[in-house]
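Before any comments, here is the structure.
Each reported figure results from applying straightforward, stated rules to the coordinates on display, with no laboratory input. Everything quoted here is computed from the prediction, not taken from an experiment. No Cβ is skipped: glycine too gets one built from the backbone with ideal geometry, and neighbour counts run over all protein chains shown.
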Amino acid sequence: MTNDENKANHSESKRKSYGESGNFSKHEYSTKLEETKNKIIEEIERDTNITADQSIKDLIAEIKESEVLVANQKLHYNEMVSQYNKTIYSLPLALLRTTLGHSEINYL
């Protein structure tokens, strides 16, 4: 193709895109704008969902870790309560238990 033919093809394709006046029609412009907007929104939502999903997974993992920690602390507390209750009923503390104000502690 010659340089003149390239210019003619370019001008023709430009007329098809922009219309005879050289400008996009309002309908074409709003359609392209809407399509672009929708693509951007889809990308943002996709990226947000990925990070939100990861954040939720992280929070769930932290909650599980906290539940395990609480369960372990309850077990430790109940072991200490058991040891305390056995101690206040053994001699010689059993004779002084009420005088010293020691009473049995309930388990969790």
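General observations
- Cβ-derived FRET efficiency at R0 41 Å, residue 72 paired with residue 51, nearest 0.05: 0.85
- Between residue 33 and residue 98, the distance separating the two model label sites (each 7 Å from Cα on the Cα→Cβ line) works out to 9.0 nm.
- Among residues other than residue 104 with Cβ under 11 Å from its Cβ, the summed charge is +2 (Lys and Arg +1, Asp and Glu -1).
- Computed from phi, the 3J(HN,Hα) profile of region 32-45 under the Karplus parametrisation 6.51, -1.76, 1.60 (θ = phi - 60°) reads 5, 5, 5, 4, 5, 4, 4, 4, 5, 4, 4, 5, 5, 4 Hz, with x in place of Gly and Pro.
- Förster-model FRET efficiency, 35 Å R0, residue 42 and residue 65, C-beta, rounded to 0.05: 0.50
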